Structures are given as C-alpha cells and as structure tokens.
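**Student:** Dropping a structure here in structure tokens format, bear with me for questions.
The values are calculated or read from the model by the stated rules, or taken from the named source; none is laboratory data. All values derive from a computational prediction rather than experimental measurement. Note: accessible area is taken over every heavy atom of the protein model, side chains too, but ligands, DNA and RNA are not part of it. Shrake-Rupley method; radii C 1.70, N 1.55, O 1.52, S 1.80 Å.
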Amino acid sequence: MHILVVYDITEDHVRNKVAEVLRSYGLARVQKSAYIGRLPPAYVKELAERLARAVRGANADIIILKIDRKTLETMIRIGPPPPSGRGPALH
C-alpha cells in the first residue's frame with residue numbers, strides 16, 4: 001500500500017527524529033514535511049507506533065494517509081520532479 005505522511009512539528013530535534021524514522025522505512029521526501037512511499041499494511045501500524053514514540057510529549061501533528069493506485073496515477077504535481085534517485089517521480 002502507498003502512504004503519504006505529512007507533519008507539523010515545532011521542535012527541530014523532534015522533526016529530525018521523525019524524518020529519520022520515515023527514511024528508515026524507505027519513504028521519500030516530496031516536500032519539507034511530507035514523505036511518500038509503499039509499505040505493507042503491518043508496517044504502517046508499526047510506523048505509526050514508532051512515530052508516536054518519537055513525538056511523545058512534543059508539539060507535533062502527524063497524519064498518515066493511505067493512497068490507492070488510482071489516486072497516484074491521477075495526481076497532478078506542479079513543480080520540478082525530485083532529482084534522479086531521490087524519491088519517486090510523481091508526475
């Protein structure tokens with residue numbers, strides 16, 4: 001399943017910890033506070049639990065959206081694609 005994770009975190013060290021967790025699951029950064037990628041459903045739950053631990057006590061808001069293939073195929077992206085090898089080309 002594809003997921004999109006977006007977040008708003010005020011503390012730099014917590015935001016860096018969240019980004020590190022997301023990268024460790026193979027998700028690719030597509031915006032400053034947005035990562036996308038594909039994970040098995042069991043890993044999505046595990047990811048949510050790890051993120052909850054990473055932000056415990058912090059001023060943080062994280063949303064994990066499950067994205068179906070049709071949504072990805074019909075998505076419109078305005079702007080340059082990510083540099084080669086640095087995440088999915090979502091055009």
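**Student:** Any residue that is modelled with pLDDT of 95 or more and part of a strand (DSSP E or B) - is there at least one of those in region 49-61?
**Tutor:** yes
**Student:** Filtering region 13-60 down to residues that are more than 26 Å from GLY79 (Cα to Cα) and charged (D, E, K, R), which residue is most open to solvent (accessible area, probe 1.4 Å)?
**Tutor:** That would be ARG56.
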